[in-house]
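We did not get these values from a lab; they are worked out from the coordinates using the rules stated. Here the structure is a predicted model, which means the values were calculated and not measured. Positions of Cβ are generated from backbone atoms using ideal geometry, with glycine treated the same way; all protein chains shown enter the neighbour counts.
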Amino acid sequence: MARSEGWGVIAEIRNLRISFPLYQGRKWALKGLDLTLKGGEVFAFVGESGSGKSATGYAFMGLLPPYARVEGTILFQGRDLFSLPPREWCKVRGRQISMIFQEPMTALNPTVKVGRQVAEVFMLHSGLDRRGALDETVRLLEEMGIPNAEVRMEDYPHQLSGGMRQRVLIAMAMAASPRLLIADEPTTALDVTVQAQIISLLKRLQKEKGTTIFFITHDLGVVAEIAHRVGVIKDGVLLEEAPVDQLYSKPLHPYTRALLEVLPHWDRETRTFQLPRVRERPSAEGCPFFSYCFHANSECALELPPLKDVASGKVRCWLY
Ligand SMILES: Nc1ncnc2c1ncn2[C@@H]1O[C@H](COP(=O)(O)OP(=O)(O)O)[C@@H](O)[C@H]1O
Ligand SMILES: [Mg+2]
């Protein structure tokens, strides 16, 4: 496992709240997220489907739909992203922050050869001409572990395997040498061997280029392979944050412990945990894990505890 050794802060999320009033009324999909990302680290953002992980990634990219309501701030290298004029944000997006999206097939244009799709990113961000961009594309595709890159770049997306498509997407995201890479479930659609290859590719990029990776996943098994620090989110609330070793050896929040202990309850289809409910949750207030928690008392139903510093991490639970 790579180490993150005291790098400076690259991004700070402060009290980020996101809702989709058109679809979900007054419900917040993200309920006041506070997170700090350090330069050069892999931060894993772990949670079940619908917990608000992708919405957080989209907020970084300025790509939430116009009907989304967004409050709070994201500071990136000290700059408040939400107050940047749109043209400035376009310079940050793609060049300094880029994202690998959750659905690899929809993120590529099916009618354009993959080499050209990568070359376009070079032309846009590095001002290279067509020839120069195509040369750089071959180099980058090789660096991403695509054999015969010169030949494969003439392929259309459907001619490549899932793993090769994911490598092309990572190449597109890395073309401008971003400081921060948001990887939204980059291995979910892949089989286990290919998953491992993509993880080791991302690890290498983090080590060799010092790219900070915000690694979104629902899979705590993958997290151990790649992350330095982990944040556990449920229903839009961050419940625990800790260095990866500590999270696995001494998980603090009952929800984190459940995630680690009850992997057999994992439903692959819905990507949620089918845990037995211990009791009903009386209201939307309080802890999102209330219905399942063996430690819960009435306070937990009524009030969400603050995120407290414990050991080298943070936990949001009245037990601490
Ligand atoms: N574009 C959108 N329009 C409406 N609702 C959305 C949109 N994106 C996300 N949501 C809602 O916000 C919540 C969080 O979604 P998301 O961030 O995609 O979760 P995750 O990535 O953790 O699975 C979900 O309830 C989802 O239905
Ligand atoms: Mg998602």
Item checked: Beta bridges by DSSP in the chain, antiparallel share as percent, to the nearest 5 -> 60
Note to self: Is there a quick way to get the dipole size of the range 9-235? I mean about its Cα centre, with the Cβ of Lys and Arg at +1 and of Asp and Glu at -1; what is the value in debye to the nearest 20?
What the structure shows: 600
Note to self: Which one, LEU307, THR106, PRO288, is farthest towards the positive end of the dipole of the chain when Lys and Arg carry +1 and Asp and Glu -1 on their Cβ?
What the structure shows: LEU307
Item checked: Among VAL194, ILE226, PHE215 - extreme Cα towards positive end, dipole of the chain, charges at beta-carbon -> PHE215
Checklist line | Highest average packing first - 246-257, 193-204, 151-162, Cβ atoms within 10 Å | finding: 246-257, 193-204, 151-162
Next item on the list: Using only Cα atoms, figure out Rg for the chain and give it as a multiple of 2.2 N^0.38 Å.
Entry: 1.02
